[in-house]
Amino acid sequence: MKKNTYSFLDGEDYFDDSHWFEEDGLLWDNEEDEDEEPLGEIDLPDFLGNNNIQDLINMYLIRSVSGKEDNLRDYVAHALILNNIPFLEDEEGNIYRLSDNRPILSAHLDQVDTRKRLTTVSISGGSIIGDANLGADDKNGVWIVLNLVIADKGRTLNFIFSTGEEIGGIGARFLASKRAKTLKTCPYCLVFDRKGNGDIIGVENYYCSQDLQADCANIGLEYGYTPTNGVWSDADTFRDHVACVNLSCGYQSAHTDQEHTSIAGIKNALAYGQALINGLQANKKYKIAGASAINDKWRWTK
């Protein structure tokens with residue numbers, strides 16, 4: 001299927017939804033070739049908004065393994081269109097908005113490919129569980145970023161929904177190579193892609209300098225967030241251009257059939273994200289980690 005594309009025109013915020021229409025409960029693109037099928041022939045669920053956990057459950061049921069993120073990407077695109085949020089899509093399938101001097105929120109669309117396919121999702125004891133891998137890494141982050149961006153109404157935030165993170169950060173690396181100049185103007189980048197309920201991954205991973213981590217930790221006291229170290233994320237790419245932190249978003253046992261999400265944990269992560277947006281200095285350019293971080297040997301390890 002040909003990728004749907006969107007753009008800003010004449011320097012103004014703009015999205016092009018003229019070629020989308022619904023028929024028989026399916027979302028179609030009228031620029032498609034006649035012999036192609038809509039969105040892999042799946043019935044995309046409605047986006048409910050208002051921080052609804054049902055939207056997260058619906059995303060779990062949209063399979064989006066690396067390189068095959070089309071259906072989840074179209075679900076996110078449709079949610080943005082419904083809420084009049086302008087965005088772009090590039091050749092790697094990243095959905096993003098990048099303007100100079102705005103904070104960035106980031107999450108990745110792809111999930112690991114597991115042999116068993118998810119068919120059932122339920123809630124038990126305050127956790128969301130499934131009969132196979134949920135893809136909570138990183139649909140939890142997608143849910144958080146999407147809700148924060150919609151709450152902002154497209155006024156002050158940049159955002160990135162990247163592809164191919166689980167296979168080496170392909171989408172982030174492509175985007176960074178094309179938009180490095182803009183990334184360098186942005187005050188900070190919040191990546192929502194960390195397991196657990198209280199981690200701030202920053203200085204120890206060379207994602208940022210002490211100024212951003214200290215501000216995140218100070219705001220995080222109320223939400224139970226503290227600095228630590230972690231493994232690979234898209235922050236490993238973006239950190240060359242903009243100060244980043246990678247934040248917990250409520251999932252455990254990533255990449256396994258036992259992966260699960262704490263409802264309280266993801267709601268707390270959403271609240272913490274909003275507190276960071278409100279509390280961090282958007283008019284300040286936080287410092288990147290520095291040249292010594294660029295050559296650390298473990299940066300490409302998962």
I need a count of the residues in segment 158-186 that are farther than 16 Å from Asp138 by Cβ and under 13 Å from the mean Cα position of the chain (by Cα).
1
How many residues are in a helix (DSSP H, G or I), in contact with a helix residue (DSSP H, G or I) (Cβ under 7 Å, 6 or more places away or on another chain) and not aliphatic (A, V, I, L, M) when one looks only at segment 44-74?
5
Long-range neighbours under 6 Å by Cβ, at least six apart or interchain, first residue under 15 Å from Ala243 (Cβ atoms) within segment 269-282, second surrounded by 14 or more Cβ atoms within 10 Å (Cβ to Cβ) and of a type in the set (Asp, Glu)
Leu280/Asp215
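Go through the residues of segment 118-126 one by one and say whether even a single one is crowded, with 22+ Cβ neighbours inside 10 Å and either closer than 14 Å to Leu247 by Cβ or of a type outside the set (Gly, Ala, Ser) (or both).
For segment 118-126, residues crowded, with 22+ Cβ neighbours inside 10 Å and either closer than 14 Å to Leu247 by Cβ or of a type outside the set (Gly, Ala, Ser) (or both): absent.
Restricting the search to segment 104-127, which residues are assigned to a loop (DSSP other than H, G, I, E, B) and free of Cβ contacts under 8 Å to residues at least 12 places away in the same chain?
Passing the criteria: Arg115, Thr120, Gly125.
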Could you grab me the full set of residues in segment 87-103 that are in a loop (DSSP other than H, G, I, E, B) and of a type outside the set (A, V, I, L, M, F, W, C)?
Asp90, Glu91, Glu92, Gly93, Asn94, Ser99, Asp100, Asn101, Arg102, Pro103
Any residue at all in segment 135-150 that's assigned to a strand (DSSP E or B), of a type outside the set (Asp, Glu) and either buried (at least 19 other Cβ atoms within 10 Å of the Cβ) or out of contact with any strand residue (DSSP E or B) (no Cβ under 8 Å at 6 or more places or on another chain) (or both)?
no
Of (1) more than 15 Å from the chain's Cα centre (by Cα); (2) closer than 26 Å to Gly168 by Cβ, Asn140 fails just (1)
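When you go through Ala172, Ala243 one by one, which is the residue that is under 22 Å from Val112 (Cβ atoms), buried (at least 21 other Cβ atoms within 10 Å of the Cβ), of a type in the set (A, V, I, L, M) and in contact (Cβ under 8 Å) with a residue 12 or more places away in the chain?
Details: Ala243 fails: under 22 Å from Val112 (Cβ atoms).
Only one candidate passes the filter, namely Ala172.
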When residues of segment 197-218 are limited to those that are of a type in the set (D, E, K, R) and more than 21 Å from Thr185 (Cβ to Cβ), the one modelled with the lowest pLDDT:
Glu204
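The values are calculated or read from the model by the stated rules, or taken from the named source; none is laboratory data. Not measured: the values here are computed from a predicted model. Cβ atoms come from the backbone with ideal geometry, glycine included; neighbour counts cover every protein chain shown.
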